[in-house]
Amino acid sequence: MTLLAIDHLTVSHGDQIALRGVSLRVAAGEIVGLVGESGSGKSTVALASMALLPDTAAISGQVVLDGANLVTLPPRQLDRLRGNVAGMIFQEPMSALNPLQTIGTQVAEVIRLHKGLGRRTALREAGGVLARVGLLPDRVPASRYPHQLSGGQRQRVAIAIAIAGDPKLIVADEPTTALDVTTQAHIMDLLTGLIRERGIGLLLVSHDLALVGQVADRIVVLQDGTIVEQGPVGSVLAAPRGLYTRMLLAKARHAPARRIGPSVGAPVLEVRDLTQRYRGAKAAALDGVSLRVGPGETVGVIGESGSGKTTLLRAVLALGSLQAGAVLLHGEAIATARGHRLRVLRRQVQAVFQDPKGSFDPRQRVEQLVAEPLHLLDVPVARAERRERVETALRRVGLDAADADRFPHQFSGGQRQRIAIARALIIAPSLVVLDEAVSALDMSTRADILDLLATLSATLGLSYLFVSHDLSVMKSMADRLIVMKDGRIVEEGPTATILATPRHPYTTALVAATPDLDRVIASRTAQA
């Protein structure tokens, strides 16, 4: 039975065409993966499937959900369909959830709207729905607020909201992008279990080909708003017909050319016996953590949410006081430095964050954003020199000098990340801390950014402390790998050795939970 039928759908926003004649089907109990680069139209298809496109969008074609054409349906009937016939899981649950309401209230709202139950009854049923997605009341009570949950728990709440009205179709837009590998595996197990158990259809939007290949029945490939290939997962991934699909597969497997060999010289960064405990917490956020990063070396840090990665990065960046231990930059303790010496040390370490859009002031032009670290210099920089330094930094990361006059919203996600890297480089640091710097990027853009980082390391002698939940990124970028769990380092060593023959059970679990594209393709081909 076909739940969602999209026929010849064309969507435009003014002169910009987002979709061109898109046609696809999702049947009951079927998982259809929708893949493509950023800007290919994936999210537009997802929003169209829920009739959530803006009123200014020009739409032609049909979007038929459970027999009703959403393009022509009146608003009140659309409201009845959303949540009741179809539910949606958005990419960032922290943005999708209401921070002022408890999670139980938010799930109960869907139940009240679509099942007509009273407030108390709806709240009781909401507790059952939350338990169904793994949020048991004795561990995660319905009285909690979104900010009191981990990323994986918030995503489970988003799934609970999507299924609370017993829909026939779920539309999931990048539901695991920001999650660590084990949480991602749990979320996908939960989703696929619901699909098979209840016969729900799932339209899964993702840039992760390995993930889609692992769970989907069919795959649809979008390029510039047009479907260029679709079919059974095993056939499309093992023997792609289109050049674009082959390019996506090549980018997913891409490993940047990097310097091979041990790092020589005194360490750029040393962390010695770092311990940090937050008030009220049962366990230490960091418990005796020690590591080193050599000149030109990339050290990767992996671990689940709550393992201590963020606390470690805050300590390295001197964003808070240390309770015990030391952080040394070129042999000098940053925690005890003051005045001129502190500015000198801060110049040696800069950061690139996961979401550059969130770390940029949208009111500032790129010139102001990139020039921000120049305040760490001992002598103020004249306006002309500042402009010259900004343009040099932009060119170094593959952007144009004229981009300095534009605003962040005028760039793609990959371009914004290049701007973030330019900002980190403008004062010539010796160490760059990368916090999930490529996790939100599509395969093609990710490959380009990793190539850029490898080139910068080779040409400028940069060292990287690279936090990521993506083991494929670590495999291609990190010289050494550090595995963290519950605030401790449980394993460390050469990346290739750890990924091939992990010694600690936790590392083994992380490796096993990571979808491997070639392994997935071989498995799906054998099943076919």
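Below is a table of values for the structure above.
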| read-out | value |
| --- | --- |
| Of all residues in the range 271-304 being open to solvent by 50 Å² or more (accessible area, probe 1.4 Å) and farther than 17 Å from GLU491 by Cα, the one that is modelled with the highest pLDDT | ARG277 |
| From the options GLN223, GLN214, GLN230, GLN276, residue that is in contact (Cβ under 8 Å) with a residue 24 or more places away in the chain, of a type in the set (S, T, N, Q) and closer than 29 Å to ARG314 by Cβ | GLN276 |
| Residues satisfying the stated conditions in the range 70-99, i.e. free of Cβ contacts under 8 Å to residues at least 40 places away in the same chain and within 11 Å of PRO146 (Cα to Cα) | SER95 |
| Enumeration of residues in the range 1-46 that are small (Gly, Ala, Ser), assigned to a loop (DSSP other than H, G, I, E, B) and under 26 Å from the mean Cα position of the chain (by Cα) | GLY36, SER38, GLY39, SER40, GLY41 |
| The lone exception for GLU270 - which of (1) closer than 26 Å to ALA86 by Cβ; (2) touching a Ser or Thr at 6+ places or on another chain (Cβ under 9 Å); (3) among the acidic types (Asp, Glu) it fails | (1) |
| Hits in the range 178-188 - residues which are farther than 13 Å from ILE31 by Cβ and either open to solvent by 30 Å² or more (accessible area, probe 1.4 Å) or in a helix (DSSP H, G or I) (or both) | ALA178, VAL181, THR182, THR183, GLN184, ALA185, HIS186, ILE187 |
| Total residues in the range 119-149, condition of a type outside the set (A, V, I, L, M) and open to solvent by less than 50 Å² (accessible area, probe 1.4 Å) | 5 |
| Test: residue in the range 38-46 that is surrounded by fewer than 21 Cβ atoms within 10 Å (Cβ to Cβ) and charged (D, E, K, R) | no |
| Output for the range 109-137, where each listed residue is assigned to a helix (DSSP H, G or I), in contact (Cβ under 8 Å) with a residue 24 or more places away in the chain and among the aliphatic types (A, V, I, L, M) | VAL110, ILE111, LEU113, ALA126, VAL129, LEU130 |
| Residue check, LEU319 part of a strand (DSSP E or B) and not β-branched (Val, Ile, Thr) | no |
| Tally of residues being part of a strand (DSSP E or B) and either on the phi > 0 side of the Ramachandran plot or not charged (D, E, K, R) (or both) across the range 284-309 | 11 |
| Selection from the range 322-358 of residues that are over 24 Å from ARG277 (Cβ atoms), modelled with pLDDT under 90 and open to solvent by 50 Å² or more (accessible area, probe 1.4 Å) | ARG338, HIS340, ARG341, ARG343, ARG346, PHE353, GLN354, ASP355, LYS357, GLY358 |
| Any hit, the range 366-375, residues being part of a helix (DSSP H, G or I), at pLDDT 90 or above, closer than 27 Å to ASP451 by Cβ and open to solvent by 60 Å² or more (accessible area, probe 1.4 Å) | yes |
| Residue in the range 71-78 that is modelled with pLDDT under 90 and open to solvent by less than 50 Å² (accessible area, probe 1.4 Å) present | yes |
| Residues being surrounded by fewer than 21 Cβ atoms within 10 Å (Cβ to Cβ), in a helix (DSSP H, G or I) and in contact with a Leu (Cβ under 8 Å, 6 or more places away or on another chain) - total across the range 213-262 | 3 |
| Selection within the range 475-513 - in contact (Cβ under 8 Å) with a residue 60 or more places away in the chain and charged (D, E, K, R) | LYS475, ASP479, ARG480, LYS485, ASP486, ARG488, GLU492 |
| Whichever residue in the range 467-486 is assigned to a loop (DSSP other than H, G, I, E, B) and at pLDDT below 90 and, among such residues, is least open to solvent (accessible area, probe 1.4 Å) | SER468 |
| Boolean, GLY165 is open to solvent by less than 10 Å² (accessible area, probe 1.4 Å) and over 24 Å from ARG82 (Cβ atoms) | no |
| Unmet criterion (only one of (1) surrounded by fewer than 19 Cβ atoms within 10 Å (Cβ to Cβ); (2) over 29 Å from GLN153 (Cα atoms); (3) at pLDDT 90 or above) for ALA28 | (2) |
| Residue within the range 437-444 that is over 23 Å from THR182 (Cα atoms) and at pLDDT below 95 present | yes |
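Each row is one residue, and each column tells you yes or no for (1) touching a Ser or Thr at 6+ places or on another chain (Cβ under 9 Å); (2) touching a residue at least 12 places away in the same chain (Cβ under 8 Å).
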| site | (1), (2) |
| --- | --- |
| VAL390 | no, yes |
| GLY398 | no, yes |
| ALA402 | no, no |
| ARG406 | no, yes |
| HIS409 | no, yes |
| ALA420 | yes, yes |
| VAL432 | yes, yes |
| VAL438 | yes, yes |
| ALA458 | no, yes |
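The values are calculated or read from the model by the stated rules, or taken from the named source; none is laboratory data. In this text, all values refer to a predicted model and were calculated from it rather than measured experimentally. As a convention, Cβ positions derive from the backbone with ideal geometry for all residues, glycine included, and neighbour counts pool all protein chains shown. Note: areas computed on protein heavy atoms with side chains; ligands, DNA, RNA excluded. Shrake-Rupley method; radii C 1.70, N 1.55, O 1.52, S 1.80 Å.
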